[in-house]
Amino acid sequence: MNLLQCLLKTYDNALNAGIVDQIKSDKLPNILPIYHSNKKSSGADVIEITINKNGIFYNCRYLNKDTYITFPVSENSIKRTGSTIAPHRIFDEFSYLVDNMQQYNKASKHSVYMKNLQDIEVFERNNCNKDFEAICKYLKQESLRNDVAMWLLKENQCTAYHFEKDDTLVLEDTHDNVKKEIKISLSKVFITFAILYDSSPVSLSQDKRFHEFFIQYEQHIQKNKKKDFCDISGKEMYCVNSHRGFFGTAKLVSISEHKEAYYGRLKTGDEVFHVGYETSQKTHNMLKFLLDADGYKQLIGKSTYVLAWDMNEIESSKIEIIGNSYHEDPLIDDEYDEVVERSIDDVLGKGRSKSITSFLAGRMCTSDELQDERFCVLILEKVNNGRIAIKFFRIYAFSDIKKRVYFWFNSLCWPRWSKHKNRLEMFAPSIFQIANYLYGDDTTKGLYISSNKEGVQHLAIERLLRILLEGLVFPKDLVQLAFYKIYNRQSYKYHWQVALKIACILVKKYNYDHQKMITDKEGNIILMKSRSFLYGRLLAIYDKLESDAMYSKSKNDQSGLDGNISRPTLASRLWSAMINQPLKIAAELERRTKVYQQILTKNSPGLKVMYDKLLSEIYNDIRSFEDNKIDKQSVNEEFVLGYYYQHEKFYVKKSNDK
């Protein structure tokens with residue numbers, strides 16, 4: 001099943017469930033009925049005119065900000081751009097609904113609009129709709145221009161008005177012999193209607209029966225048009241070759257206008273692909289809802305979105321599949337108590353029905369309702385003003401995606417201390433966090449990909465998402481990049497511990513995918529005897545040795561050394577050098593830390609004995625490698641694991657002593 005067939009299937013499922021054109025709130029987008037579009041008010045670009053059932057003007061108002069309206073469209077109006085004259089069926093811009101007078105050379109818009117209105121009137125005689133009749137009576141009076149002007153005159157407390165060219169209303173007021181003018185451009189202001197019934201106005205932009213009337217009209221005018229078989233639905237219907245756009249005018253389905261595209265057997269774009277008008281409406285309205293509504297899409301770049309939904313339960317399938325951006329996703333550091341617990345539910349999504357959530361959480365589901373459930377993932381990118389690229393699309397059975405997400409979570413999970421729960425718990429970083437570490441910089445806000453790298457960001461997230469969803473082995477180049485990022489320790493002024501932890505997690509992921517376990521069931525790193533691991537441990541020992549020595553001296557030295565305790569240790573400053581020349585730097589560390597070992601001998605002899613034992617043990621293990629004449633080799637990513645392992649051991653030992 002391709003993307004267009006999937007969108008059609010999703011729309012039909014929503015239609016059967018009765019949620020198409022279901023308006024829960026005028027502040028939320030809905031799944032549009034066919035042959036309709038919507039518009040979101042900015043607070044000053046949509047005027048609702050209220051009339052009574054006899055077509056007499058009653059009142060006007062600007063719709064509140066963020067209010068959605070639904071209105072019928074025609075085959076041509078849904079794709080109109082620039083100076084193209086193509087009126088919508090009934091609700092439209094001010095310039096279409098009023099006669100702009102011949103001297104302004106804009107009468108054509110209004111005349112075409114009124115001609116279309118007459119065609120609908122003919123249909124309405126056999127399909128009575130009182131609301132449409134009332135609007136027609138009102139529009140034929142040609143009083144809309146003055147009604148809106150008088151309303152704005154009163155709203156702004158002015159005394160006179162006149163219109164300038166391009167439907168610019170000029171309100172005038174004279175006070176204390178000072179003339180004031182207010183100019184309001186009405187040309188692009190959208191006009192919609194409400195009907196007054198029993199002193200209570202009913203907005204026609206939210207009236208299902210009114211929408212159904214225009215659906216019937218569109219179906220009526222298609223009866224005499226040429227039919228063909230739609231390549232998406234497989235049904236015979238009226239087909240179109242131009243479709244609505246997204247992100248402005250960018251098209252999901254479009255036809256090339258270059259002549260060289262049709263050399264040979266095919267002469268026109270119509271011969272390449274047949275899309276029914278009704279099918280086009282359903283698929284594009286479904287995609288528009290997924291892009292408009294919260295919970296189904298996530299922005300991963302300047303113009304790239306990841307969309308995910310349940311094909312059968314669109315209402316309850318709001319999904320968060322990749323996590324949030326850095327400023328919404330808390331840092332995975334022990335000191336941040338507000339970290340939200342991440343589970344498989346967090347990775348897959350939220351807002352599902354109880355049974356689906358239980359299934360994805362790994363709990364047994366006794367019903368068979370999930371056997372046919374389908375999980376859809378789509379990546380869209382606006383390439384230019386006329387094209388949208390489909391970069392990724394897959395449909396997964398929930399049972400398959402559950403296994404893959406389990407594998408992803410288990411291969412990335414890492415222990416983290418929760419201050420709130422006062423215990424260790426397992427967590428996995430989001431895809432956003434991984435991408436921010438691999439390609440971002442350390443800032444006061446966190447590890448973050450700057451705005452001038454947005455292209456890199458969405459490509460990284462796309463790649464990680466494919467690894468997760470397709471169950472691919474974590475690539476070697478990303479592990480090498482993770483190791484390269486942690487190479488320069490001095491570049492991490494704010495979030496070194498976060499970077500170190502994510503680097504370890506990605507090394508674990510790579511080994512896990514190659515069936516090499518480097519952590520136990522509790523998430524603790526397993527002791528290794530590799531050369532790189534041993535040098536990592538050695539650096540951690542010298543790092544902790546110096547810190548303990550400075551701390552013990554500050555407690556015993558009355559002159560105070562508190563100002564020096566927080567300075568970077570020698571080991572931390574030689575981090576990069578240790579990676580490149582481990583044997584040489586190890587000897588340098590041993591020589592330059594003698595003074596700190598002497599301090600421990602004097603102030604904390606117990607610690608000195610412990611460090612001597614550890615250093616002796618590690619140097620004995622290292623000797624077997626260096627005797628093989630590989631002393632000039634640098635270390636690999638296991639160095640990071642060794643460093644982290646030894647630091648954690650110090651922490652555990654300290655806790656046990658307490």
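Give me the Kirkwood hydrodynamic radius of segment 30-150, using the inverse of the mean 1/r over all pairs of distinct Cα atoms, in Å to one decimal.
Value: 15.5 Å, from the Cα pair sum.
Holding the Cα-Cα limit at 18 Å, pick out from Lys40/Lys183; Lys421/Lys493; Lys154/Lys180; Lys235/Lys288; Lys40/Lys251 the pairs that are longer than that.
Correct reply: Lys40/Lys183; Lys421/Lys493; Lys235/Lys288; Lys40/Lys251.
What pairs from Lys382/Lys508; Lys130/Lys226; Lys9/Lys297 go past 25 Å between their alpha carbons?
Beyond 25 Å: Lys382/Lys508; Lys130/Lys226.
Within 10 Å of each candidate Cβ there may be at most 10 other Cβ atoms; applying that plus a DSSP loop requirement, which chymotrypsin sites (Phe, Trp or Tyr not before Pro) in segment 413-497 survive?
Qualifying residues, ordered by number: none.
What number in nm² do you get for segment 430-500 if you take the convex hull of its Cα atoms and divide its surface by four?
Convex hull of Cα atoms, orientation-averaged projection: 4.8 nm².
Taking the Cβ of His647 as the center, what net charge do the other residues with Cβ under 10 Å away carry, scoring Lys and Arg +1 and Asp and Glu -1?
So the environment of His647 carries a net charge of +1.
Taking θ as phi - 60°, what are the ³J(HN,Hα) couplings along segment 162-171 by the Karplus curve (6.51, -1.76, 1.60), each to the nearest whole Hz, with x for Gly and Pro?
Here the 3J(HN,Hα) series is 7, 9, 9, 4, 6, 6, 8, 8, 10, 9 Hz.
By what distance, in whole Å, do the Cα atoms of segment 148-203 stretch along each of the three principal axes, largest value first?
45, 26, 10
Using a 1.4 angstrom probe and counting only protein chains, how large is the accessible area of Thr249 in Å², to 10?
Only protein atoms counted, so the area is about 60 Å².
May I ask you to derive the FRET efficiency for His162 and Ser491 from their Cβ-Cβ distance with R0 = 45 Å, giving the value to the nearest 0.05?
0.10
Can you list the residues, at least 5 places off or on another chain, whose amide H is less than 5 Å from the amide H of Thr519, using H built in the peptide plane?
Sorted by chain and number, the residues that satisfy this are Ile526.
As an exercise, identify the trypsin sites (Lys or Arg not before Pro) in segment 401-471 lying in DSSP coil whose Cβ has no more than 13 other Cβ atoms within 10 Å.
Sparse-neighbourhood loop trypsin sites (Lys or Arg not before Pro): Lys419, Lys421, Lys445.
The values are calculated or read from the model by the stated rules, or taken from the named source; none is laboratory data. Not measured: the values here are computed from a predicted model. Note that we place each Cβ from the backbone using ideal geometry, even for glycine, and neighbour counts take in every protein chain shown. Accessible surface areas use protein heavy atoms only, side chains included; no ligands, DNA or RNA. Shrake-Rupley method; radii C 1.70, N 1.55, O 1.52, S 1.80 Å.
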